[in-house]
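The values are calculated or read from the model by the stated rules, or taken from the named source; none is laboratory data. As the structure is a computational prediction, the values presented were derived from the model and not from experiment. Ideal geometry is used to build each Cβ from the backbone, glycine not excepted, and the neighbour counts take in all protein chains shown. Each accessible area value is taken on the protein alone, full model and side chains, heavy atoms only, with ligands, DNA and RNA left out. Shrake-Rupley method; radii C 1.70, N 1.55, O 1.52, S 1.80 Å.
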Amino acid sequence: MMESTPIISLYWVWPVLLLVGYTAGTAMSRRLSEARCVFPVVGKPFAFAPRFISNLAFAFNATNLIQQGYAKFKHEAFQLIRSTGNMIILPHNLLEELSTIPPTIASPYKALEHDLLGAYTGLDLILESRLHHTIVQRKLTPRLGLITPGLQEELAAAFDEELPTSEDWREFQPYQCIGKIAARLSARAIVGPAFCKDPTWLDISFNYTENLFRTIVFLRMFPPFLHSVVCPLIPAYWKCNYYIRLAKQLLVPRIRELISQNDKGTWAPKSTEEDTNVLHWMIDSVKGRDRDPHVLAHIEVLLALASVHTTLLRMVNVLYDITASNDGLVEELRHEISSVAGDSKGWDVASYDALHKLDSVLRESQRMSPPTTLGLKRFFTEAYTFQDGTRVPKGAYVCLPIHAIENDPEITPNPEIFDGLRSYRMSKPMLTNQDKNSGKEYLFSSPTPITLNFGYGKSACPGRFFASLIVKMVFVKILTEHDFKFLPATGRPSNLMVHEFLFSSPWQRMLLKKKKYSACPF
Ligand code: HEM
């Protein structure tokens, strides 16, 4: 399912394009962005470094540059340079105000579309349709209890098919195996049982994202005015478009059929296993321009983009983090699962909510290995002056250094140490409280002023509750049915950092064996 693509096929073209692009781009874009902002620039390797050198420095060293900027300008804004324009990095104290500026002025989705080069990757649909957001927020999240049994069934089948089942130690590649499991879990919720085992859908839902990131990582090496020239030369770009076409071929006939039945009043989703999925809810609720089978199929691909690799990254990192911790954490998590299972009559969505220690591990893992080191990304469609006088010009791309904030020793003591039960210890005194919301601010799925990986405020990730559920599901299963360890003489692999993104090595191997007796509660 997961192929590796050589990004560069016409190797001689690249040096020529780089040279032409950078010569022109340096002059143009410096004039465009630096002149408009008064904020200090961080990340120039030397005083008169041309823009392309600063862009390369950002591509290969972004995390350190952001950290340096944060250390130097903690309470004021600064700029970082990348090929697609300068970024204004705001100080933490502007978080509350930034998160309440209406999207018509500070747009999160224009920033996302800009980041993921929407015109080339198909992501520009999010500027026209917000259905992917509303459907997750209004339909999927309130129905997590309803879909939990189906997800558990899918997970059990995926474990049997994708992980080694031997009771002796066997090598496996966590990214590859868990990638397939994450794709199947997301598929069960997004496209439902009719398509969730379909190899074509699983291929699309995994490889569209892989190729999207290959395209943007490569394209961002070039100034924007060269993107339309460079793009057709990148195989990953063709693949992105191919996967969107393939998704339409696969899903459109079924969507068309259901829309027609829905229009005639002969079909509406019931509470059956078959109908409990995002695709069916969308068809039933969508109106106007979005009621187009091609748009709906495209939105399905965007939902796979939003959910598969984000949850995969968390699953793989949690596995590495708990394997690396030699303080009895794994046993403590197993004990928590068995005591929650023992205390409750059945195993349902509430049981996952009761796994406070596991929740704390997820949150700590995301603090140390987030998907991106920058967050609260906003594109300003008009100039704006913050209450403290910080002025952002029209057309500015603005964000917060969330990884630096969360790992600031003044906010998180000993931030370099993975302390799986850090949040659990803070929430524990409140857990006995009768108030259901008590301790909620320490949850993995709760954005707070110091935990910003899901965003913050109204535009925070609507899929975070689903993400929390399926990551916990995977760990309940793996902890109760398997033992795992690193290969001899190896340890926790480092994260791969490119631009502001953190990736996980796809080739890493570990050892896994199935326990003789399963204590899995589902
Ligand atoms: C650990 C996993 C995940 C992380 C870290 C994550 C993170 C984020 C972040 C940072 C945003 C942008 C928030 C902002 O604008 O400030 C976002 C948006 C979003 N996420 Fe997630 N997410 C995760 C999982 C999911 C899942 C599983 C789904 C779907 C079921 C999902 C669906 C979305 C959608 C629909 C948006 C809105 C995009 C837009 O505005 O166009 N996410 N997510």
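The figures follow:
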| quantity | calculated |
| --- | --- |
| Unmet criterion (only one of (1) within 16 Å of the ligand (Cβ to nearest atom); (2) touching a strand residue (DSSP E or B) at 6+ places or on another chain (Cβ under 9 Å); (3) farther than 21 Å from Glu76 by Cβ; (4) not β-branched (Val, Ile, Thr)) for Pro401 | (3) |
| Residue selected from region 72-103 under the condition part of a helix (DSSP H, G or I) and open to solvent by 10 Å² or more (accessible area, probe 1.4 Å), by the criterion farthest from the ligand (Cβ to nearest atom) | Lys72 |
| Selection within region 437-455 - within 9 Å of the ligand (Cβ to nearest atom), open to solvent by 20 Å² or more (accessible area, probe 1.4 Å) and either closer than 13 Å to Glu96 by Cβ or outside any strand (DSSP E or B) (or both) | Pro447, Phe454 |
| Selection from region 114-136 of residues that are of a type outside the set (A, V, I, L, M, F, W, C) and more than 8 Å from the ligand (Cβ to nearest atom) | His114, Asp115, Gly118, Tyr120, Thr121, Gly122, Asp124, Glu128, Ser129, Thr134 |
| Flag if Pro409 is away from the ligand (no atom under 16 Å from the Cβ), at pLDDT 95 or above and not aromatic (Phe, Trp, Tyr) | yes |
| Scan of region 487-516 for residues that are open to solvent by 30 Å² or more (accessible area, probe 1.4 Å), in a strand (DSSP E or B) and not β-branched (Val, Ile, Thr), ordered by number | Leu496, Met497, Phe503, Lys513, Lys514 |
| Evaluation of Arg220 against (1) crowded, with 20+ Cβ neighbours inside 10 Å; (2) under 14 Å from Gly122 (Cβ atoms) (one fails), failing number | (2) |
| Only listed residue being in contact (Cβ under 8 Å) with a residue 12 or more places away in the chain, more than 19 Å from the chain's Cα centre (by Cα) and more than 19 Å from Ser129 (Cα to Cα), chosen from Phe195, Phe206, Phe213 | Phe195 |
| For Cys461: the one exception among (1) open to solvent by less than 20 Å² (accessible area, probe 1.4 Å); (2) of a type in the set (A, V, I, L, M, F, W, C); (3) within 18 Å of the chain's Cα centre (by Cα) | (1) |
| Hits in region 456-496 - residues which are out of contact with any Ser or Thr (no Cβ under 8 Å at 6 or more places or on another chain) and near the ligand (Cβ under 8 Å from one of its atoms) | Ala460, Cys461 |
